[in-house]
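Remarks on the structure that follows.
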Amino acid sequence: MEKLRGFLLVSLLVVLGQVSCTHKSAELIPVYVNTNPTGGGNGNGGGTTNPNPCDPNIVYFTKDILPILNSNCAMSGCHDNITAKEGIVLNSYAGARAKVTPYSLNSSKIYKVMVTSNSKDIMPPAPNSKLSQTQLDLIAKWINQGAQNLTCNSGNCDTSNVTYSGVVSKTINTYCYGCHNGASAGGGINLSSHAGVASIAANGKLMGSIQGVAGYSAMPKGSKLDECQIKQIQIWVKAGALNN
């Protein structure tokens with residue numbers, strides 16, 4: 001009987017050993033860890049975690065791509081809502097997505113006309129400047145990542161030192177300049193200078209438009225500025241819309 005028990009025990013150990021040897025370990029899935037808390041951030045737990053941090057390896061449509069399209073393609077006389085040249089409108093994700101093929105640069109019309117060597121086909125057309133290599137690389141990366149409509153929260157909103165040259169003009173140039181510059185400025189509003197921006201800041205049109213207040217035409221078309229950008233412009237306006 002003792003021999004039988006010993007035999008059974010040894011057999012059980014052998015079976016368990018075989019199972020443990022053939023068991024596959026779980027795959028490790030990389031997770032993007034948020035190291036950018038917002039709020040107090042004083043080390044005593046006063047801060048809050050950013051729920052949707054920006055991954056530096058991902059291209060986001062609203063943050064990275066739309067500003068390029070707004071300032072270089074969705075301009076008055078080209079691919080804005082009003083002109084819609086060749087039926088193409090590029091001030092929204094839907095419009096841009098319709099002209100690209102995810103994961104294929106060669107099949108994406110937007111990208112092909114931006115990099116072509118044919119002066120008759122290149123976009124933006126002369127006398128506009130060609131997109132920079134950095135901008136082209138961003139668009140290419142966005143397409144190669146699937147041309148998705150991803151958003152994120154940078155978690156960095158500096159409202160302590162808001163100036164026209166350092167903050168406001170950069171936002172205006174990125175999101176508004178494409179449609180509001182030169183003789184063909186949309187709605188007759190030219191935002192190519194401080195004077196132009198200050199004039200609509202004084203009459204309330206600037207804040208009314210970017211906040212989407214009833215009675216004003218919501219701007220930018222296709223995508224609202226994020227809350228941080230709106231807050232920064234509001235601070236600048238309340239401080240007198242100075243040319244600082």
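Coordinate-derived values only; no laboratory data. Values in this document were obtained by computation on a predicted structure and should not be read as measured data. Cβ atoms come from the backbone with ideal geometry, glycine included; neighbour counts cover every protein chain shown.
Things worth noting here:
- Percentage relative contact order, segment 61-144, counting C-alpha pairs under 8 Å, at least six apart: 25 percent
- Local electrostatic count at residue 219 - Lys and Arg +1, Asp and Glu -1, tallied over other residues with Cβ under 13 Å: +2
- Largest first, the three principal axis extents of the alpha carbons in segment 61-144 are 29, 27, 21 Å in whole numbers.
- Segment 164-238: C-alpha gyration tensor shape, a/c 1.5 cut-off, then a/b vs b/c: rounded
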